[in-house]
Amino acid sequence: MKKVKLYKYINITFAAMKKNKIGFIGAGKVGTALAARLFKGGYPVIAVADMNLRATEKLVELVPGCRVFKNAQQIADSTEHIFITTPDDFISKVASELNWHPDQNVVHCSGAASIDILKPAERSGAIVGSFHPCQAFASVDQAIENLPGSTFSIEAQTPLLDILKEMASTIGCDWIVLKPGDKALYHAAAVFVSNYSVALLKVATDLFQHFDVSPAQATKVLMPLIQGNINNMRNLGLPNCLTGPIARGDVGTIRRHINALQEKEPSLLKLYAELGLQTITVATAKGTIDDRAIKALKSVLKRAIDIGS
């Protein structure tokens with residue numbers, strides 16, 4: 001009997017959320033993509049405010065029935081569920097400057113910040129949360145295309161937690177729940193995979209220029225390798241997806257890399273060696289190198305770090 005009542009409560013909550021009017025403060029790539037996907041999922045996205053009028057025009061083109069409001073306070077006064085999708089540095093300013101209403105849902109989409117930056121809204125009686133898509137948004141159109149299949153990190157208390165889970169599922173996404181204090185480390189992990197992988201591509205294409213291959217040509221050469229790695233990660237997972245000289249225990253190849261970098265790009269020695277040491281732990285977990293190879297690889301790489309420091 002209790003389970004039946006609980007299911008009825010959850011269904012009522014979600015049904016009510018479908019009727020609650022949604023507003024966006026901020027019409028950047030994340031806000032616009034989320035608004036467009038929620039609208040397609042049947043949610044009533046009715047209002048947006050942003051100082052960048054061109055950005056708001058783009059959002060309302062994608063979300064029929066959504067109106068551009070002159071200021072953020074009008075969003076807070078006209079909607080029951082508000083997403084703050086401004087740049088991270090402005091979220092706390094928005095939360096502290098607006099007059100909020102009891103039982104409103106106020107949600108930010110920052111990857112690094114916890115819900116504590118929404119304390120001013122919470123003190124006014126609003127229910128606060130965070131809803132961050134773990135995805136790279138290079139443009140609005142790409143963001144809309146990439147969003148399904150992504151995972152949202154959610155920080156909130158029930159019933160808002162359940163509402164945000166349902167939102168993620170409705171737009172074709174997964175979700176994980178984070179505790180207070182988890183966000184910064186979660187976001188650092190995402191930066192390693194997203195932003196730093198771009199930086200590593202830049203490092204690699206720069207090396208190609210030593211033999212007169214342009215960055216565009218080098219990227220074309222490397223993209224199938226990157227895609228192959230992604231396929232291996234997806235299909236085989238860690239640690240079995242690892243390939244290359246460290247996975248084989250090929251100390252001689254690593255020495256040749258270090259010698260070449262020391263001659264041509266000594267500033268990259270330390271980076272190469274530190275990443276190599278991290279790779280040894282993956283190869284060890286995969287079980288493809290023995291203790292002798294591990295010891296030899298660590299010795300060569302630590303010596304390279306000393307040279308590069």
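The values are calculated or read from the model by the stated rules, or taken from the named source; none is laboratory data. The shown structure was predicted, so the numbers you read here are calculated from the model rather than taken from an experiment. Because the Cβ atoms are built from the backbone with ideal geometry, glycine has one as well, and the counts that use them run over all protein chains shown. When the accessible area is computed, the model is the full protein with side chains, heavy atoms only, and any ligands, DNA or RNA have been set aside. Shrake-Rupley method; radii C 1.70, N 1.55, O 1.52, S 1.80 Å.
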Has segment 200-220 got any residue that is in contact with a helix residue (DSSP H, G or I) (Cβ under 6 Å, 6 or more places away or on another chain) and loosely packed, with under 14 Cβ neighbours inside 10 Å? yes
Restricting segment 178-193 to residues that are of a type in the set (A, V, I, L, M) and open to solvent by 70 Å² or more (accessible area, probe 1.4 Å), the residue that is nearest to residue 37 (Cα to Cα): 193
Kindly list, by first and then second residue, each pair from a residue in segment 149-168 that is within 14 Å of residue 83 (Cα to Cα) to a residue that is modelled with pLDDT under 95, limited to pairs with Cβ atoms under 6 Å and residues at least 6 apart or on different chains. 163/17
Being touching an Asp or Glu at 6+ places or on another chain (Cβ under 7 Å), on the phi > 0 side of the Ramachandran plot and either at pLDDT 95 or above or among the acidic types (Asp, Glu) (or both), is that true of even one residue in segment 15-35? yes
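Quick one: would you say residue 282 is surrounded by 13 or more Cβ atoms within 10 Å (Cβ to Cβ), touching a helix residue (DSSP H, G or I) at 6+ places or on another chain (Cβ under 6 Å) and assigned to a helix (DSSP H, G or I)? Full working, then the answer.
Working: surrounded by 13 or more Cβ atoms within 10 Å (Cβ to Cβ): yes; touching a helix residue (DSSP H, G or I) at 6+ places or on another chain (Cβ under 6 Å): no; assigned to a helix (DSSP H, G or I): yes.
No, not satisfied.
Filter segment 265-283 down to the residues that are of a type in the set (Ser, Thr, Tyr) and in contact (Cβ under 8 Å) with a residue 24 or more places away in the chain, then identify the one that is nearest to residue 249 (Cα to Cα). Even if it seems obvious, please write down each step before you answer.
First, pick out the residues of segment 265-283 that are of a type in the set (Ser, Thr, Tyr): 267, 272, 279, 281.
Remaining after also requiring in contact (Cβ under 8 Å) with a residue 24 or more places away in the chain: 267, 272, 279.
On the way: 267: 25, 272: 16, 279: 11 Å.
Among those that are of a type in the set (Ser, Thr, Tyr) and in contact (Cβ under 8 Å) with a residue 24 or more places away in the chain, it is 279.
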When the residues of segment 252-279 are filtered to those that are polar (S, T, N, Q) and surrounded by fewer than 16 Cβ atoms within 10 Å (Cβ to Cβ), which remaining residue is nearest to residue 206 (Cα to Cα)? 267
Would you be able to say whether some residue in segment 48-68 is under 23 Å from residue 159 (Cα atoms) and of a type outside the set (S, T, N, Q)? no
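Could you tell me which residue of segment 164-174 is most open to solvent (accessible area, probe 1.4 Å), considering only residues that are out of contact with any Ser or Thr (no Cβ under 6 Å at 6 or more places or on another chain) and outside any helix (DSSP H, G or I)?
Quick first cut of segment 164-174, residues out of contact with any Ser or Thr (no Cβ under 6 Å at 6 or more places or on another chain) only: 164-172.
Those left that are additionally outside any helix (DSSP H, G or I): 171-172.
Numbers: 171: 13, 172: 45 Å².
Across segment 164-174, the extreme among qualifying residues is 172.
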How many of the residues making up segment 183-206 are in contact (Cβ under 8 Å) with a residue 60 or more places away in the chain and of a type in the set (D, E, K, R)? 1
If the Cβ limit is 6 Å and pairs must be 6+ apart or interchain, which residue in segment 60-88 that is under 11 Å from residue 22 (Cβ atoms) pairs with which residue that is of a type in the set (Phe, Trp, Tyr) and surrounded by fewer than 24 Cβ atoms within 10 Å (Cβ to Cβ)? 63/39; 75/69
Name the residues in segment 139-163 that are part of a helix (DSSP H, G or I), surrounded by 19 or more Cβ atoms within 10 Å (Cβ to Cβ) and within 12 Å of the chain's Cα centre (by Cα), would you? 143
Criterion violated by residue 290 - all others in (1) within 30 Å of residue 212 (Cα to Cα); (2) touching a residue at least 12 places away in the same chain (Cβ under 8 Å) satisfied: (1)
Just give me the residues in segment 232-251 being open to solvent by 50 Å² or more (accessible area, probe 1.4 Å) and touching a residue at least 40 places away in the same chain (Cβ under 8 Å), in sequence order. 238, 240, 248
